[in-house]
Amino acid sequence: MNRQAQGVVLLLLGGAVLKASLSDMYLRYVKESLQPFLIAAGALLVIAAVMTIYHDLKKERHEEHEEHDEHGHHHEPRVGWMLIAPVLGLLLVAPPALGAFAAGQSGSAKLQDVDYPPLPAGDPAQISVLDYATRAIFDKGVSMKDGAGQDRKVQISGFLSQGPDGKPVLTRMMLSCCAADARAIKIGMSGRPPEGLGENQWVEVVGVYTAATAKDPVSNNEIPFIEVLEWKQIDPPRNQYE
Amino acid sequence: MTVTERPDIAPNTPPEPKRDRRVGSVEVLALLLIVLVVFRGPIAAKIVEFPLLQTWTTVFVSVMVQAMPFLVFGVALSAVIAVYVPRSFWAKALPKHPALAVPVASCAGVILPGCECGSVPIAGSLIRRGVTPAAALAFLLAAPAINPIVLTATAVAFPKNPEMVVGRGVASLIVAMIMGWLWLRLGKAEWIKLPHRPELEGMSKSRAFFGALRHDVVHAGGFLVLGAMAAATINVIVPARWLQTLADNPWLSVIALAILAVLLSICSEADAFVAASLSQFSLTSRLAFLVVGPMVDLKLISMQAGVFGRRFAFRFAPTTLVVATAIAALTGWLVFS
């Protein structure tokens with residue numbers, strides 16, 4: 001791969017990183033907090049590409065007689081061709097965020113016991129799937145009761161994937177860095193669970209705490225349940241991870 | 001843009017048939033891109049049909065996107081070292097005796113907040129600038145494991161086991177120093193073959209900087225792609241279920257997680273969260289996962305083979321794996337019992 005081609009590849013790579021990080025596309029692959037660094041890295045790649053092509057063209061015009069000298073010690077890396085792969089991945093394929101297949105592979109994550117502040121106001125209270133799962137497993141739903149000791153209605157959203165007993169579970173993937181370390185949080189649904197929907201369909205569920213649990217055979221971790229009162233189909237949110 | 005073929009073989013080596021062709025890399029690239037843009041629809045549609053392939057693509061792209069800032073800034077820093085930091089600086093900054101330079105370089109890893117993708121080109125650049133390889137290698141191993149960001153992430157992932165943070169920091173430092181000293185005793189200088197980089201002397205500073213930047217991004221980045229592909233493959237085809245059977249045996253579990261760390265190639269800033277979720281394994285085996293991961297993994301081996309040469313990587317990586325696993329097991333035994 002000669003230097004001009006390298007310049008073009010760097011330009012494409014920088015452009016692809018910029019395109020992904022200036023739109024919401026990067027959220028399918030990494031955490032939101034990486035955005036400024038991605039923009040800076042993409043910009044630096046584009047500048048490096050422009051300078052490479054500029055220097056190369058300028059040199060060609062002025063120093064043609066030095067051509068042989070200049071090329072004496074260049075063995076330009078052939079492995080550079082591989083950099084086209086992520087460019088194609090980002091610009092042509094643009095794969096979606098991880099879904100039911102990955103959730104089935106990884107099994108539900110081990111959750112951590114934290115503090116449980118009161119649920120947000122509103123009926124139903126909107127909380128994250130992770131929040132529901134930790135409150136259900138460690139707190140046994142205590143912090144999800146109202147003053148009178150009644151279970152409050154909560155609203156959670158996620159996509160459907162297959163649970164241990166073959167029935168759909170409400171799933172959300174959790175990222176700590178990028179999709180390679182994604183772990184699934186799964187919530188089983190009793191009561192009136194969504195019916196007739198395929199895997200990966202996003203749903204919004206309103207329900208109350210139930211003490212039922214199941215074991216995820218893949219990871220041996222606990223899957224909490226929610227007693228579903230109502231549900232509806234929704235579009236995937238801007239950030240599909242938690 | 002002119003598109004003349006520019007032979008990249010030295011005049012005194014026998015010409016390859018490639019030279020005779022009229023088609024240069026820019027034309028090949030352009031043709032490839034046109035073909036791909038034309039067939040974009042069918043290709044994307046095909047990938048969606050196979051959830052495994054689609055998940056693979058997502059994981060591969062994610063690893064690349066995640067690594068990109070670290071690669072680019074690591075390479076930029078190594079270009080700064082190559083162009084703007086005079087050789088004499090390193091002679092002053094590090095102790096004269098190589099055996100003393102090793103621990104100093106290991107501890108200097110604290111100041112580089114990044115993951116392992118960035119530290120490979122930096123270590124290569126340090127060796128070029130006259131730093132003794134033993135010290136540069138100790139830095140290479142220590143930097144991604146003991147910097148504050150990684151240790152903080154470990155503390156967050158193991159809120160009930162703060163000794164995990166201490167164990168990780170101490171074990172990683174010890175491994176880095178042992179490997180540095182081992183290199184002093186057993187290493188041979190000819191194993192390290194740094195790739196030819198356009199000669200930087202005599203160029204203007206900006207041209208030298210961008211020349212080094214371009215070369216290292218293309219080179220280290222190309223190997224990063226190979227490593228990311230391997231890691232995505234392992235990530236998608238190995239179901240977590242297999243691990244369950246290994247978790248019960250105390251010795252086997254340490255070895256299993258050390259090997260898993262090599263195969264998964266997770267960024268050192270994220271591996272603590274994955275280790276935390278491998279709850280069926282003992283704390284000692286998870287410590288091995290955290291110590292081995294930043295030092296030996298598929299993308300690192302690939303990048304080391306690219307930056308230091310294959311003869312180096314195929315000796316250095318297995319040795320590091322053995323030393324890191326042993327030290328982690330020992331540390332875990334001391335810390336967690």
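If you filter the range B:259-288 down to residues that are out of contact with any helix residue (DSSP H, G or I) (no Cβ under 8 Å at 6 or more places or on another chain) and within 12 Å of chain A (Cβ to nearest Cβ), you find that the one that is surrounded by the most Cβ atoms within 10 Å (Cβ to Cβ) is B:SER277.
Scanning the range B:289-301 turns up one or more residues that are open to solvent by 10 Å² or more (accessible area, probe 1.4 Å) and modelled with pLDDT of 85 or more. Looking at (1) under 15 Å from A:LEU98 (Cβ atoms); (2) open to solvent by 20 Å² or more (accessible area, probe 1.4 Å); (3) out of contact with any Leu (no Cβ under 7 Å at 6 or more places or on another chain); (4) not aliphatic (A, V, I, L, M), can you tell me which one A:ASN239 breaks? Just one mismatch for A:ASN239, condition (3).
Looking across the range B:148-181 at every residue that is open to solvent by 40 Å² or more (accessible area, probe 1.4 Å) and outside any helix (DSSP H, G or I), the one that is nearest to B:CYS107 (Cα to Cα) is identified as B:PRO162. I need a count of the residues in the range A:42-60 that are surrounded by fewer than 23 Cβ atoms within 10 Å (Cβ to Cβ), at the interface with chain B (Cβ under 7 Å from one of its Cβ atoms) and modelled with pLDDT of 90 or more. The qualifying residues number 2.
The residue that is most open to solvent (accessible area, probe 1.4 Å), counting only those in the range A:1-22 that are farther than 12 Å from B:VAL217 by Cβ and either at the interface with chain B (Cβ under 7 Å from one of its Cβ atoms) or outside any helix (DSSP H, G or I) (or both), is A:VAL8.
Within the range A:211-235, the set of residues being assigned to a loop (DSSP other than H, G, I, E, B), open to solvent by less than 70 Å² (accessible area, probe 1.4 Å) and not polar (S, T, N, Q) comprises A:ASP216, A:VAL218, A:ILE234.
Specify which of the listed residues (B:VAL131, B:VAL104, B:VAL65, B:VAL120) is modelled with pLDDT of 85 or more and in contact with a strand residue (DSSP E or B) (Cβ under 9 Å, 6 or more places away or on another chain).
B:VAL65
Checking B:HIS219, B:HIS215 one by one, the residue that is more than 23 Å from A:LYS110 (Cβ to Cβ), touching a Lys or Arg at 6+ places or on another chain (Cβ under 7 Å) and either at pLDDT 85 or above or within 11 Å of chain A (Cβ to nearest Cβ) (or both) is B:HIS215 and no other.
Give B:PHE308, B:PHE314 a once-over and let me know the one that is away from chain A (no Cβ under 13 Å) and open to solvent by 10 Å² or more (accessible area, probe 1.4 Å). Spell out the reasoning first.
Working: B:PHE308 fails: open to solvent by 10 Å² or more (accessible area, probe 1.4 Å).
Among B:PHE308, B:PHE314, only B:PHE314 is away from chain A (no Cβ under 13 Å) and open to solvent by 10 Å² or more (accessible area, probe 1.4 Å).
Any residue that is touching a strand residue (DSSP E or B) at 6+ places or on another chain (Cβ under 8 Å), within 21 Å of A:ARG28 (Cα to Cα) and of a type in the set (S, T, N, Q) - is there at least one of those in the range A:195-211? For the range A:195-211, residues touching a strand residue (DSSP E or B) at 6+ places or on another chain (Cβ under 8 Å), within 21 Å of A:ARG28 (Cα to Cα) and of a type in the set (S, T, N, Q): present. When the range B:241-258 is filtered for residues that are in a loop (DSSP other than H, G, I, E, B) and either away from every other protein chain (no Cβ under 14 Å) or buried (at least 24 other Cβ atoms within 10 Å of the Cβ) (or both), only B:ASN249 remains.
The values are calculated or read from the model by the stated rules, or taken from the named source; none is laboratory data. All values derive from a computational prediction rather than experimental measurement. Every residue, glycine as well, gets a Cβ built from its backbone with ideal geometry; the counts of neighbours run over all protein chains shown. What goes into the accessible areas is simple: the full protein's heavy atoms, side chains included, and nothing from ligands, DNA or RNA. Shrake-Rupley method; radii C 1.70, N 1.55, O 1.52, S 1.80 Å.
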